[in-house]
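Worksheet: one structure, shown below.
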2 protein chains.
Amino acid sequence: MVTLADVARAAGVSKATASRALSRPDMVAADTRERVLAVAATMGFEFNASARALTTGRTGLIGVLVPSIANPYFAPIVTGVQRALSAHGENILLAVSEGSQSSEHELAGKLASRVDGLVFIAPVSPDSAIRSFTSKLPVVTVDRTVPAVPGVLIDTPGGVADIVTHLAGLGHRAIAYVGGPDGSWMAERRNSAVEEAARRSGVDLTALGPVGPRIDAGLAVAEHIAAERSVTAVVAYSSYLLLGLHLGLREAGVRVPEDISLAASDDLTAISADRPDTTALRVPLEEAGIAAVRLLQEANPPKRARRLRIATELIVGGSTAHATVRASSTTPAR
Amino acid sequence: MVTLADVARAAGVSKATASRALSRPDMVAADTRERVLAVAATMGFEFNASARALTTGRTGLIGVLVPSIANPYFAPIVTGVQRALSAHGENILLAVSEGSQSSEHELAGKLASRVDGLVFIAPVSPDSAIRSFTSKLPVVTVDRTVPAVPGVLIDTPGGVADIVTHLAGLGHRAIAYVGGPDGSWMAERRNSAVEEAARRSGVDLTALGPVGPRIDAGLAVAEHIAAERSVTAVVAYSSYLLLGLHLGLREAGVRVPEDISLAASDDLTAISADRPDTTALRVPLEEAGIAAVRLLQEANPPKRARRLRIATELIVGGSTAHATVRASSTTPAR
DNA sequence: CCGGTTGCTGCAACCGGTTGCAACCACCGG
DNA sequence: CCGGTGGTTGCAACCGGTTGCAGCAACCGG
């Protein structure tokens, strides 16, 4: 392992000059700089990150705390963070909480001592726990608001309200919302947004679930919906759920969109599907990750906590159509 | 920020003793140790990771290099790595290469200087590039074999061969394999495994694709297959693809499994689906991640490169059945 | 010709831990 | 009573960089 001292010696300068030639090029004479750089290159010198971090106090690492990484909603956010960071030569220190409050707090504590900033994605910890880190280092939340902490909000509540409004506009008067299980902050916001929008549009809302974000859950719920003859439109809170509903309704002989309109309050491209031609949201998850990094940088030095709202966009596809009286139950296709 | 020196002073011992009390408890008298620990706890002392790394040379970080994290195949592997590491109090330094050779190499280089080990997941770099890191630190590959480098192999080639054999056993004589696009090491192995198994079982193989792991790709291919009357079974290389095929065949009025048997050479639980009741593989991705960590630890100090083979398991579901002559084309359901 | 800038470089301290070595103190057996 | 032994502790060097400050030479205007 070649150190700065080695380079300095080989270049005939002091450690200090070598350091400056590499880190503060403008503080050193041009010819000296050239010489040091050349020597460093031929010797294959690389900075020792630990040593550097020790003196500067900056590690070049950002901690990312996420409930799960095998989740088509969170993964793109992390990707966005990574992309924004790599532009600055920084890296992600990843921790997965598995949705547990205690491990979230514990992991955050461990990370806090070795990173320059912390990104909490959809944290489940109480406000106080999250705020407790802000005195140690810059913190930003994603998909959650904590007083006095900067945060990125992905406006899925607004998006799901758009969907309800869209369906109401197509004449649907009884729609079902299949909601998610997580007692998370964001899930609650979405639920109330749906209720609010339904009330405002004067449509009848049947809340189903909660169920997991699983295809099989969709299959199960589909049977239920097929039997519930008054409902003419269904909104699923997640992509996988939607796929299950899609398959399940089809198996039950219910046609989409002729008999029932189907929409997802989620981004289908996250599950690699541009064209099951379904009405859904465009949710710029990667941009949310990028925005989180931007807020983090702004928060250093600390200033007033900023909020960034990421808007979703309603993509109307062929799975929603004008409401009709549902045809009498056909024979299941299978 | 409270340092070791602070603790030592408050406890009335030297830095050395304080250090030992915390890191090498057996080297210090019981009562001294108690005192130091108590003081450290009340003062809220935490080790400075950088300082520690500087002297010990170990950072407690493992670099994980992955083509993409928003991918139901890779994500669980990373989760496995994380789980195995957290048992040892280590963390993941994550880097996403986006499948590019150059950025893979570059990222690996950056990571190499700050981690204790490197996990290459499905690397696309040439053997030599990967091996070049082994002199600097322990390296392990997943889903790829590089001479003299320890690796974890997930035996999806064996699994897809099992599927072909299974179909042959059901009397299928003409099956289609819809293969993936990536010119990756593992994709090639799978392709040849399919061909080999088909030849051995004496079935006629139609290779379709390559297509992306996307639902819409499945929809497109489904039309093609619906028209190809001789084929009685289809194997999809990825879960999303399978879902697309499933939806697409159904839309084309082809019944599964009465008209066509359908199977995935992938793990459907990775996409949150236990029960589209489809014949597929159980692929223990998380275990692969855990195994990677084990190999990494074994590789320190360096010894003979070990290989771990992770077996897949064929899960026969209701989507495959005995081959029949396909019914004449029914009217598409939609 | 002189004092004052300006620009570049080196000395040495410092970041916060770890660890080899020596000092010290019982306490032991001879 | 003495040298030896084992268990504890402290001193100080060290890991590999960064940086405040001082030294030094060249160059400036007066």
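How do the peptides B:301-312, A:194-205 rank, highest first, by the average count of neighbouring beta carbon atoms within 10 Å per residue?
Result, highest mean Cβ count within 10 Å first: A:194-205, B:301-312.
List the aspartates and glutamates whose Cα sits under 20 Å from the Cα of residue A:303, skipping any in the same chain fewer than 8 residues away.
Hits, sequence-local ones excluded: A:116, A:127.
At 7 Å along Cα-to-Cβ for each site, give me the label-to-label distance between residue B:83 and residue A:29 in nm.
A separation of 6.2 nm, rounded to one decimal place.
Going by how many other Cβ atoms sit within 10 Å of their own, how do B:315, A:175, B:77 line up, fewest first?
Ascending number of Cβ neighbours within 10 Å: B:315, A:175, B:77.
About its Cα centre, how strong a charge dipole does chain B have in debye, to the nearest 20, once Lys and Arg get +1 and Asp and Glu get -1 at the Cβ?
1040
Kindly rank A:95-105, A:131-141 from highest to lowest mean number of other beta carbons found within 10 Å of each residue.
A:131-141, A:95-105
Return one number: the angle in degrees, 0 to 90 and rounded to the nearest 10, between the long axis of the Cα atoms of helix A:185-201 and the longest principal axis of the Cα atoms of chain A.
Helix A:185-201 and the main axis of chain A meet at about 40 degrees.
Just the number, please: Stokes-Einstein D of chain A in µm²/s, Kirkwood Rh from C-alpha pairs, 37 °C, 0.692 mPa s.
Once the numbers are plugged in, D ends up at 145 µm²/s.
Could I have the simple spin-label model distance between residue B:297 and residue A:228, label points 7 Å from Cα toward Cβ, reported in nm to one decimal?
About 4.9 nm separates the two model spin labels.
Just checking the output field for B:62-75: average partner chain Cβ neighbours within 10 Å of each residue's Cβ?
Mean number of neighbouring Cβ atoms from other chains: 4.
Within a 10 angstrom radius of each residue's Cβ in B:237-245, how many Cβ atoms of other chains show up on average? Whole number is fine.
Partner Cβ neighbours, averaged per residue: 3.
Would region A:156-279 count as rounded, prolate or oblate if I go by the C-alpha gyration tensor, calling it rounded below 1.5 in a/c and otherwise prolate when a/b exceeds b/c, oblate otherwise?
Since a/c stays below 1.5, the shape of region A:156-279 is classed as rounded.
Any idea what the relative contact order of chain B is, in percent, if you count C-alpha pairs under 8 Å spaced at least 6 apart?
Details: 653 pairs, mean separation 56.9, N = 334.
This gives 17 percent for chain B.
Could you please report the charge total around residue A:113, scoring K, R as +1 and D, E as -1 over all other residues with beta-carbon less than 9 angstrom from its beta-carbon?
So the surrounding residues net to +2.
Mind giving me the FRET efficiency for residue B:322 and residue B:196? R0 is 41 Å, r the Cβ-Cβ distance, nearest 0.05 is fine.
Once the sixth-power term is evaluated, E becomes 0.95.
Roughly how tilted is helix B:285-298, in degrees to the nearest 10 and between 0 and 90, from the longest Cα axis of chain B?
Taking Cα atoms only, the helix is inclined about 40 degrees.
From a point 7 Å beyond the Cα of residue A:204 in the direction of its Cβ, which residues of region A:228-254 have a backbone N at a distance under 11 Å?
Residues passing the 11 Å test: A:229-232.
What is the spin-label model distance, in nm, from residue B:220 to residue B:56 if the labels are put 7 Å beyond Cα along the C-beta direction?
5.2
Which of the aspartates and glutamates could a cross-linker bridge to residue A:110, judged by Cα under 17 Å and excluding same-chain residues fewer than eight apart?
Answer for residue A:110, where 17 Å is the Cα cut-off: A:98, B:46, B:90, listed by chain and number.
Name the residue farthest towards the positive end of the dipole of region A:156-279 from the options A:263, A:207, A:218, assuming +1 on Cβ of Lys and Arg, -1 on Cβ of Asp and Glu, about the Cα centre.
A:207
Take chain A, connect every pair of alpha-carbon atoms lying under 10 Å apart with a spring to form a Gaussian network, then pick out the residue of A:238, A:261, A:68 with the largest mean-square fluctuation.
Result: A:68 has the largest fluctuation of those listed.
Between residue A:311 and residue B:173, what is the FRET efficiency for a Förster distance of 35 Å, r being their Cβ-Cβ separation, to the nearest 0.05?
Using R0 = 35 Å, I get an efficiency of 0.05.
By the scheme Lys and Arg +1, Asp and Glu -1, what is the net charge of all other residues having a beta-carbon under 10 Å from that of residue B:159? Don't skip to the answer; put the middle values down first.
Values: positive: B:190, B:282; negative: B:155, B:162, B:266, B:267, B:313.
Neighbour charge sum, excluding residue B:159 itself: -3.
Give me a single rounded figure for A:87-95: the average over its residues of other chain Cβ atoms within 10 Å of their Cβ.
Per residue, the number of nearby Cβ atoms from other chains is 4 on average.
For region A:4-47, what does the alpha-carbon gyration tensor say about shape, rounded, prolate or oblate, given a ≥ b ≥ c as the root eigenvalues, a/c under 1.5 as rounded, and a/b over b/c as prolate?
rounded
With an 8 Å Cα cut-off and a minimum separation of 6 or more residues, compute the relative contact order for region A:156-279 in percent.
Value for region A:156-279: 27 percent.
Please list, in chain and number order, the residues 5+ apart from residue A:310 or on another chain whose amide H is under 5 Å from its amide H, with Hs placed from the backbone.
A:153, A:154, A:155
Assigning unit charges at the beta carbon (Lys, Arg +1; Asp, Glu -1) and nothing else, what dipole magnitude in debye, to the nearest 20, does region A:64-128 show about its Cα centre?
Around 180 debye, computed over region A:64-128.
Each value in this text was obtained by applying a stated rule to the coordinates, not by laboratory testing. Because the structure is predicted, anything quoted here is derived from the model rather than measured. Here Cβ is always computed from backbone atoms with ideal geometry, including for glycine, and neighbour counts include all displayed protein chains.
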